[in-house]
Amino acid sequence: MAIVFERPKALLDVPTHYCPGCTHGIIHRLVAEVIDELGILDKTIGVAPVGCSVLAYDYFACDMYEAAHGRAPAVATGIKRAVPDSIVFTYQGDGDLAAIGTAEIVHAAARGEKITTIFVNNAIYGMTGGQMAPTTLPGQVTETSPYGRDVNTAGYPIRVSEMIATLDGAVYVERVSVDSVPNIIKAKKAIKKAFELQMQGKGFTMVEVLSICPTNWGLSPNEAIKWLRENMIPYYPLGVKKDITAGEVK
Amino acid sequence: MAKKVLMKGNEAIGEAAIHAGCQCFFGYPITPQTEIAAYMARRMPQVGRVFLQAESEVAAINMVYGAAGAGVRVMTSSSSPGISLKSEGISYIAGAELPCVIVNIVRGGPGLGGIQPAQSDYFQATKGGGHGDYRMVVYAPSSVQELVDLVQEAFDVADQYRNPVMIMGDGMLGQMMEPVEFKERQTTRNLPEKTWAANGLRGRKIHNVINSLYLKPEELEAHNKKLQQKYAEIEKNEVKYELYNLENEVDIVIVSYGTLARICKNAIKMLEKEGIKVGLIRPITLWPYPKKAFDEVMDKVKLGFISIEMNEGQMVEDVKLSVNGRKPVFFYGRSGGMVPTPAEIVNKIKEIVGGAK
């Protein structure tokens, strides 16, 4: 019998620690499929963040680092500069990348570091139990915004992809979602393109992935998917924010 | 023998690192060490290596973490407030057991402090500026030649023990020009291959992971015990110090390191003329601390020891631990960028000796 679906080689055969219904598993799988399809497992190096995906190094079969909170783009810079023929990606959540790690992500992008960032945005701090993130929506209730995020005191969510897209060093920035099969297929295409452009030495690439957190949103996975569509996508519009290859004839 | 060249301390650090095979340098401007970054910006591209000016000291030390984890020789440099910022990263580097060299050209603190020479980062360097049970080898050279020799040694020691190593100087050492020779040296150490490096599988079957996270308490404790064993090994093998004027019995022994130890030597010569015999213990490694130097000279000392420092009293605690109550321990310090003069040191020692007679 023909095998039609199996674990990507870039993922290890280990049990997952992610909560039921969490979409990190899908995103891990998409990155791993891209690594397999591009045949780059042997020279890919991943950098895990602090947050829910802190243990990403247990799942990816390539060489891995665990970075200090927010510092993954700086660590990735050190790796890429030391081993220029490697393919380096960071995998970061919204607390890690959009709060404590803003300086590192902005400057890695501004320098045009030839790395790829997978930015998982679920509008909340997951690992610590559901606190307000820079990406938490106005009015959204979290442990540290119990009356809903009040923009008068807590400010406004950051649209990271739009911000990074303004930087000349960033060559490809796209926001995708994993709320549906068509969107998952689009997400994989975006991740693949980001890796390909890194391989071509074009510059900094980032894919922001809208993701759900049923546990800390206090919703079932189905309700969480609905919440993402109704609340996150309107605030964080999907699509390509920057593509220096747009218009190039293939 | 290689030719002697006249060089500024800060620039000599850069050249010594290049001689030692440093592949990457990540820096950030801060007085009084910025010449190191400027030198590396000029020289590293000439030898086909990496210079990068980071967006902050925090980023620079994490770039060091990245490059060190990939198995290349890497260095960063800064001065006191910048080292505070790097301390998070240094803790991760120690936890993940990565070799690297960190230069601290110390300035006065606390806070933004000043930019003049000081030794007020002794605690930070030797007792762990960052969090957790870790140790870092700390070298305190007192001349530009010693600086050059120790930078090269630092890379070897870092690789041998998979541990961060700090070179600690001050603005005097960084700015002074002295003749220096870059010796063609072969290490006598048996440096292990970096089979742990995460530089891509490249045919390897099992992935390498650079990490300092151990969520199970049993595993973290075991990791800490392993680190402690390594630190014990370093304490056994890597202590360095100089004994000066301690062939015969002396009235008192000065303990002092770095550029200040040179000033103390002048004071010792002045006191000699007045019939006061003074010896000097000059720690070259601040960690591991040269406790055995004190055992060695204990029987030759009449009155005790005096720790002379450019701070308000930091190393004196290690002097007391090393003397362990066997003799009195005195202290003299200036801080904030004030450098003790030989005359001041002479007066202080005459005061102690006079009081005892």
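The values are calculated or read from the model by the stated rules, or taken from the named source; none is laboratory data. Here the structure is a predicted model, which means the values were calculated and not measured. As a convention, Cβ positions derive from the backbone with ideal geometry for all residues, glycine included, and neighbour counts pool all protein chains shown. Side chains included, ligands, DNA and RNA excluded: accessible areas come from the protein's heavy atoms. Shrake-Rupley method; radii C 1.70, N 1.55, O 1.52, S 1.80 Å.
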Restricting attention to segment B:27-46, does a residue exist that is open to solvent by 10 Å² or more (accessible area, probe 1.4 Å), within 14 Å of chain A (Cβ to nearest Cβ) and in contact (Cβ under 8 Å) with a residue 24 or more places away in the chain? yes
Segment A:85-102: number of residues that are farther than 20 Å from residue A:175 by Cα and either facing chain B (nearest Cβ under 9 Å) or within 15 Å of the chain's Cα centre (by Cα) (or both): 3
Please enumerate the residues belonging to segment B:223-240 that are open to solvent by 70 Å² or more (accessible area, probe 1.4 Å) and either within 14 Å of chain A (Cβ to nearest Cβ) or free of Cβ contacts under 8 Å to residues at least 40 places away in the same chain (or both). B:225, B:226, B:229, B:236, B:237
What are the pairs, 6+ residues apart or on separate chains, where a residue within segment A:124-137 that is part of a loop (DSSP other than H, G, I, E, B) has its Cβ under 9 Å from a residue that is basic (Lys, Arg)? A:132/A:149; A:135/A:159; A:136/A:149; A:137/A:149
Among the listed residues A:51, A:101, A:78, A:70, which satisfies the condition of being open to solvent by 10 Å² or more (accessible area, probe 1.4 Å) and touching a helix residue (DSSP H, G or I) at 6+ places or on another chain (Cβ under 8 Å)? A:51
Among B:243, B:220, B:215, B:260, the single one that is at negative phi, part of a helix (DSSP H, G or I) and open to solvent by 20 Å² or more (accessible area, probe 1.4 Å) is B:220
Quick one: which helices (runs of 4 or more DSSP H) sit completely within segment A:143-250 and have at least 2 residues that are in contact with a helix residue (DSSP H, G or I) (Cβ under 8 Å, 6 or more places away or on another chain) and more than 22 Å from residue A:80 (Cα to Cα)? A:160-165, A:181-199, A:214-217, A:221-227
Answer residue from segment B:151-175, given it is touching a residue at least 24 places away in the same chain (Cβ under 8 Å) and charged (D, E, K, R) and is nearest to residue B:196 (Cα to Cα) among those: B:162
Take the residues of segment B:289-339 that are in a strand (DSSP E or B) and touching a Phe, Trp or Tyr at 6+ places or on another chain (Cβ under 6 Å): which is surrounded by the fewest Cβ atoms within 10 Å (Cβ to Cβ)? B:329
Filter the helices (runs of 4 or more DSSP H) completely within segment B:64-174 down to those with at least 2 residues that are modelled with pLDDT of 95 or more and of a type in the set (Asp, Glu). B:144-161
Test residue A:82 against the criterion of being closer than 22 Å to residue A:203 by Cα and more than 7 Å from every other protein chain (Cβ to nearest Cβ), and give yes or no. no
Check residue B:252 against each of (1) part of a strand (DSSP E or B); (2) assigned by TED's automatic domain parsing to the domain that holds residue B:139 and name the one condition it does not meet. (2)
Residue B:3 vs (1) out of contact with any Leu (no Cβ under 8 Å at 6 or more places or on another chain); (2) modelled with pLDDT of 95 or more: all pass except (2)
Please verify whether segment A:32-42 includes one or more residues that are at pLDDT 95 or above and under 25 Å from residue B:74 (Cα atoms). yes
Specify which of the listed residues (B:64, B:74, B:101, B:58) is open to solvent by 10 Å² or more (accessible area, probe 1.4 Å), within 28 Å of residue A:63 (Cβ to Cβ) and of a type in the set (A, V, I, L, M, F, W, C). B:58
Go through the residues of segment A:7-24 one by one and say whether even a single one is open to solvent by 40 Å² or more (accessible area, probe 1.4 Å), away from every other protein chain (no Cβ under 14 Å) and under 19 Å from residue B:205 (Cβ atoms). yes
The number of residues in segment A:25-56 that are within 15 Å of the chain's Cα centre (by Cα), of a type in the set (Ser, Thr, Tyr) and at the interface with another protein chain (Cβ under 10 Å from one of its Cβ atoms) is 0
Hey, can you tell me all the residues within segment A:57-69 that are more than 7 Å from chain B (Cβ to nearest Cβ) and in contact (Cβ under 8 Å) with a residue 40 or more places away in the chain? A:58, A:59, A:60
What's the total number of residues in segment A:150-178 that are closer than 25 Å to residue A:223 by Cβ, surrounded by 23 or more Cβ atoms within 10 Å (Cβ to Cβ) and of a type in the set (D, E, K, R)? 1
Looking at (1) aromatic (Phe, Trp, Tyr); (2) within 14 Å of chain A (Cβ to nearest Cβ); (3) out of contact with any Ser or Thr (no Cβ under 7 Å at 6 or more places or on another chain); (4) touching a residue at least 40 places away in the same chain (Cβ under 8 Å), which is the one condition that is false for residue B:123? (2)
Within the bounds of segment B:178-187, is there any residue that is farther than 30 Å from residue A:13 by Cβ, in contact (Cβ under 8 Å) with a residue 60 or more places away in the chain, touching a strand residue (DSSP E or B) at 6+ places or on another chain (Cβ under 7 Å) and assigned to a helix (DSSP H, G or I)? no
